[in-house]
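Any read-out appearing in this document is the output of simple, stated calculations on the displayed coordinates, not a laboratory observation. Only a predicted model underlies this, so the values are computations on that prediction, with no experimental measurement involved. Cβ placement follows ideal geometry from the backbone for every residue including glycine, while neighbour counts extend to all protein chains displayed.
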Amino acid sequence: MADTDHAARLSERQAQLAADRPSERECRIAGCTTRHRRHLFACRAHWRALPFHLRDAVFAAYRTEGVLSNAYLQAAENAEAYLENRDAEDVGEVFA
Ligand SMILES: [Zn+2]
């Protein structure tokens with residue numbers, strides 16, 4: 001039956017797309033292996049550790065300009081730098 005064939009091909013294609021684009025990825029912060037949903041900036045712990053102004057800058061750039069924009073890249077870099085310095089401080093490496 002044609003409809004069934006179509007449905008089978010469709011679900012096969014969807015499975016293929018899902019495999020090509022995994023719904024999760026590893027946190028972008030160096031040394032963090034936590035996995036999080038793909039559309040999020042970082043894992044929950046790192047996102048929550050960001051000061052409000054950095055979190056807001058990432059979110060604002062994401063909403064207005066998109067993830068490929070310079071505004072987003074800059075905001076993401078600032079947030080990453082903050083978190084990586086903070087993590088380094090935690091283990092006493094920054095001012096050692
Ligand atoms: Zn993380």
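Quick look at the numbers
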| read-out | value |
| --- | --- |
| Helix 70-90 axis, angle to the chain major axis (alpha carbon atoms, nearest 10°) | 60 degrees |
| Test item: Cα-centred dipole of region 1-74, Lys/Arg +1 and Asp/Glu -1 on Cβ, debye | 380 debye |
| The chain: angle of helix 2-20 to the longest principal axis, Cα-based, in degrees nearest 10 | 20 degrees |
| Principal-axis tilt of helix 52-64 within the chain, Cα atoms, nearest 10 degrees | 30 degrees |
